[in-house]
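Notes for the one structure printed next.
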Amino acid sequence: MTARPRPHYNLDVWKCSMELAKVVYAKTKEFPLDERFGMTVQMRRCAVSVPSNIAEGACRGSRKDFIRFLMIARGSLGELETQCSLASALGYMHEEESIYVLTDKVFQMLCGLIRSLNIEHKKG
């Protein structure tokens, strides 16, 4: 059985945030074992929250709900960036890693999509 394509599957921001989540999972596997129930879990939850909220908003069917969920995704991304900074300060990762490139890219894409939906709303 093939699932029907949902609206979020066509969104570049969703695709990029899925990639970010995969990178976070891979990177946190390298964290110390004593972080298994601490920072590792928290970073993974935030990383999964970003594409999940994009998908939920896209599937809701209203522009207002979509924008609200995109803003929640952006908040989760900010939380993830904070945890990445702490992980960096603790020596678990380095700032030149792809996580930082992807968080910047997803943040810019989210802001652009929110801005675009708000402009569309004002026109229509």
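Bear in mind that the values in this text are calculations on the coordinates, not laboratory data. The shown structure was predicted, so the numbers you read here are calculated from the model rather than taken from an experiment. Here the Cβ is made from the backbone with ideal geometry for all residues, glycine too, and neighbour counts use every protein chain on show.
Would you call SER116 surrounded by 14 or more Cβ atoms within 10 Å (Cβ to Cβ), of a type in the set (Gly, Ala, Ser) and out of contact with any Lys or Arg (no Cβ under 6 Å at 6 or more places or on another chain)? Here the answer is no, as SER116 does not meet what is asked. No other residue among ALA58, ALA26 is touching a residue at least 24 places away in the same chain (Cβ under 8 Å) and either part of a helix (DSSP H, G or I) or over 15 Å from THR103 (Cα atoms) (or both) apart from ALA58.
I'd like to know if the range 34-45 contains one or more residues that are of a type in the set (D, E, K, R) and either touching a strand residue (DSSP E or B) at 6+ places or on another chain (Cβ under 6 Å) or under 25 Å from LEU117 (Cβ atoms) (or both). No, because not a single residue in the range 34-45 is of a type in the set (D, E, K, R) and either touching a strand residue (DSSP E or B) at 6+ places or on another chain (Cβ under 6 Å) or under 25 Å from LEU117 (Cβ atoms) (or both). Being in contact (Cβ under 8 Å) with a residue 24 or more places away in the chain and assigned to a loop (DSSP other than H, G, I, E, B) is a description that applies to PHE31. Is at least one residue of the range 71-92 touching a Phe, Trp or Tyr at 6+ places or on another chain (Cβ under 8 Å), farther than 30 Å from ILE119 by Cβ and outside any helix (DSSP H, G or I)? The answer is yes; a qualifying residue exists.
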